[in-house]
Structure formats: C-alpha cells, structure tokens
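Worksheet for the structure shown next.
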Amino acid sequence: MKIAVLSEASADEARVAVSPAMIKRFVDRGASVMVQAGAGEGSRVPDALFVEAGATIGKTAPATLKGSDVVLCVRRPNATQLKSVPKGALLIGMLEPYGDKSDLDAMAKAGVSAFSMELMPRITRAQVMDVLSSQANLAGYQAVIDAASEFDRALPMMMTAAGTIPAARVFVMGAGVAGLQAIATARRLGAVVSATDVRPAAKEQVESLGGKFVAVENDEFKQAETAGGYAKEMSDDYKKQQAELVTAHMAKQDIVITTALIPGRPAPRLITKAMISAMRPGSVLVDLAVERGGNVEGSKAGATVDVGGKKIVGHKNVPGRIAATASELYAKNLASFLETMMDKESGELAVDWEDELVTATLLTRDGAVVHPNFSEKA
C-alpha cells in the first residue's frame, strides 16, 4: 500500500498531514510513504527527517500521487492536485464538507473515496481520531497567547515594592474544547477568568478549572445541549437576557475570547459594537470564529482591528499558528483512522464500508457524493 502526503496548496496552511513518528508506524506495518518535497517546512520538519523515518520524497504533486492508494492532506486538494489523485484512492483530510457544493462534486468526479475528518462521530472509539478537538484545543491555547501579546499589561497579579498590579480579567465565551483550554491557559498565566456557555454541563467544567460561570440559568438553559454534545440555537428571548448579562460583565473585562461555532452554520453573533464600546480602552477581543463570519461585530479575518481603542484580533487558521504541535496531533488523528481500514496482518487496505466511522465520514465514492447530509438523493 502506498500512502501519499501532499504539500498544502494554501499559503495560509503551515500544517502537514504526517509526522516522522507516524511514517515509522506506517512503514513498520508494510506500507510505503511518499511525501511531497517541502510539505513539512511550515511545521519545522525538513524532508531529511521524513526520509530518516522511512519515507521517500516526491519532487512534485503528480510524482508524489502517482500510484497512491491513500492520500493524506490537511485541507482539501485544489483542482490541479485533484487531477493527479488516482481514481479509487482514499483521500483523507479536513475536506470542508459544508463549503461550496461544487467542491464536493469535483471530488466525486475525480473518482476518489473522500473522507472528511470533521465529520468524525463523537464516540469513545473515535476520540483519538477527533481532529476538531485536537485542533480546537490548540486554538484555545493560542488565543490566550495572542491576546496576551496584544494586551499592554501583565496578566498575573504582581506585588512589588512600587505597588500591587491587579490581575487581568479574561472572559471566555463558549466552553467547548477551545474555550476550556483558553480558560486553563489564562489561569496558568495568572488571570482572573470567567466564562459563559449555553450548555448546562459547561458550568461544572468551567468551575473545575477555576473559572467563574456566567449565564442566565433558566429552564431553556437546562435543555440547551444536543445529543452530540453541541450547543443548541437559543431563542431570541434567551439571547436578549444573556446579552444583557454579558454586556454588564464585559464592561469589567480586559480580554474577551469567543469560541462559539455550530457545525454547518454561520458563527453566532455574540458581541455587538455597543458591547465593545462599554469596555475599557486597551481591551482585547480574540474571535476564534472569524473565518465563519465571526462572533464579534467588526472582526475581520486575517487582521487585527482597532475599534475605539479596543483591539479585535481575527487571525485565520489559529491552530496553524503553532503548526509544529498541531501537525503532530493531526497526524496521529489521521493515522489512527487509517489504521482502522488496514488489515491487521498484511497491512493492506481492507475498508469495511459499513463501519460507523466510515459511514459517518465518507463524502464521495464511485463518482458520487454519498454522505446523506450532502447527497442530492438524501
């Protein structure tokens, strides 16, 4: 079995879909691995380290993809790369299934069996394959680091002969994987941390990390979580009450980090310009949902915006800002999933097309879009 690893086409993507450790794991199981030249540069992995682990280097995408049975990537291949992927090959990566339908059709037309890692079910068996969690965890960490770099004061309380410096106040909106890591990181840096979420289970999680929980805890709040663990869309009345509470709370905060996303939908608007205007000059807001429309009014993807003396940080691809670490975790996610489709004895591909992990993530096969959420036949 030949595994091909592409160099990412987007200039904004520094991550790579394989690590030297995972290459060694594949090679030990009898697979051959070819990595496109320079694929690991953004993650501080030179070609020589891939070769040392047992891979060979392909000079171009077509050379790398030739004869491959499996193609690993971070983002969906562009049209030029897709033309070189052999028909029938497995394509595994974060394929952005909720994007343009024409992109799904292009993968179907290419004849590949495309697996979108974002659709991995949240079950115990698949935890090691959950790319959304592994990358969101790092995004939450990096959001605090980015906020601290923009904030012109120290985060922890400091007691000096010249006087006492109060701790910065950090407010995290959304206590999922990214939010919880942001809370933990801000606490490690010495900030006073509070957080909000519409899911009742989040209260205990926030408090276990030393944060104060802020929410309108009415009957709607008690039923605000889906079976899959995601936040439900709340009523307009609840949103109004929550906005009033959050506005009053935000006025006392130095740093706000927003993390709210609902799969397949635009990011919910959590913070308005009026709420920002009530904050103190020098305050910093980090919008982790900026690429999906943003939680913060006025945030701009790929830019830091100054609004009345407050900074709104809207970095794209936040996990990619710490690509070396993000790639290690992502490569483990992909390898763990691929191994479920390999024969334990021979190491050859042996896909069980009825496996729940396969059916949950498979987008295209045999020239058609087959996932029930995206197929026209659904």
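The values are calculated or read from the model by the stated rules, or taken from the named source; none is laboratory data. Because the structure is a prediction, the values reported are computed rather than measured. Counting neighbours? That spans all protein chains shown, and the Cβs are built from the backbone with ideal geometry, glycine included. Accessible surface areas use protein heavy atoms only, side chains included; no ligands, DNA or RNA. Shrake-Rupley method; radii C 1.70, N 1.55, O 1.52, S 1.80 Å.
Structure data summary
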item: 0 to 90° range, to nearest 10: angle between helix 177-188 axis and the chain longest Cα axis; result: 50
item: Tyr141 - accessible surface, heavy atoms, 1.4 Å probe, Å² rounded to 10; result: 90
item: Size descriptor, Kirkwood hydrodynamic radius, that averages inverse alpha-carbon separations across region 1-126, Å; result: 14.8
item: Contact order normalised by residue count of region 96-237, Cα under 8 Å, 6+ apart, percent; result: 15
item: Separation between Cα centres of region 303-362 and region 1-62, rounded to whole Å; result: 15
item: Mean projected area (nm²) of the alpha-carbon convex hull when region 108-203 is viewed from all directions; result: 9.4
item: Read-out semi-axes √(5λ) of the Cα gyration tensor in Å, derived from the coordinates shown; its label in (1) 35, 27, 17; (2) 40, 24, 24; (3) 40, 23, 18; result: (3)
item: Fraction of antiparallel bridges per DSSP, the chain only, in percent to nearest 5; result: 25
item: Farthest toward positive dipole pole in the chain [+1 Lys/Arg, -1 Asp/Glu at C-beta], among Val131, Ala301, Ser68; result: Ala301
item: Estimated inter-spin distance, Arg265 and Tyr98, nm [label 7 Å along Cα→Cβ]; result: 0.9
item: Cross-link pairs beyond the 29 Å C-alpha cut-off, checked among Lys87/Lys316; Lys252/Lys300; Lys101/Lys316; Lys109/Lys344; result: Lys87/Lys316; Lys109/Lys344
item: Over the chain, relative contact order from alpha-carbon pairs under 8 Å, at least 6 apart, %; result: 19
item: Cα long-axis angle, helix 323-339 against the chain (0 to 90 degrees, to the nearest 10); result: 50
item: For region 250-255, 3J(HN,Hα) per residue [Karplus equation, 6.51 cos²θ - 1.76 cosθ + 1.60, θ = phi - 60°, Hz, x = Gly/Pro]; result: 5, 4, 9, 9, 9, 9
item: Ordering of 286-299, 161-174 by packing [mean C-beta count within 10 Å, highest first]; result: 286-299, 161-174
item: Region 260-378 - convex hull of alpha carbons, volume per residue in Å³; result: 151
item: Solvent exposure of region 53-155 as accessible area per residue, Å², 1.4 Å probe; result: 41
item: Relative contact order (%) - region 1-95, alpha-carbon pairs under 8 angstrom, separation at least six; result: 33
item: Solvent-accessible area, 1.4 Å probe, carbon plus sulfur percent, for the chain; result: 52
item: Viscosity 1.567 mPa s, temperature 4 °C, Stokes-Einstein D of region 58-180 from Kirkwood C-alpha radius, µm²/s; result: 72
item: Loop trypsin sites (Lys or Arg not before Pro), region 315-378 (other Cβ atoms within 10 Å of the site Cβ: 10 or fewer; DSSP); result: Lys344, Lys377
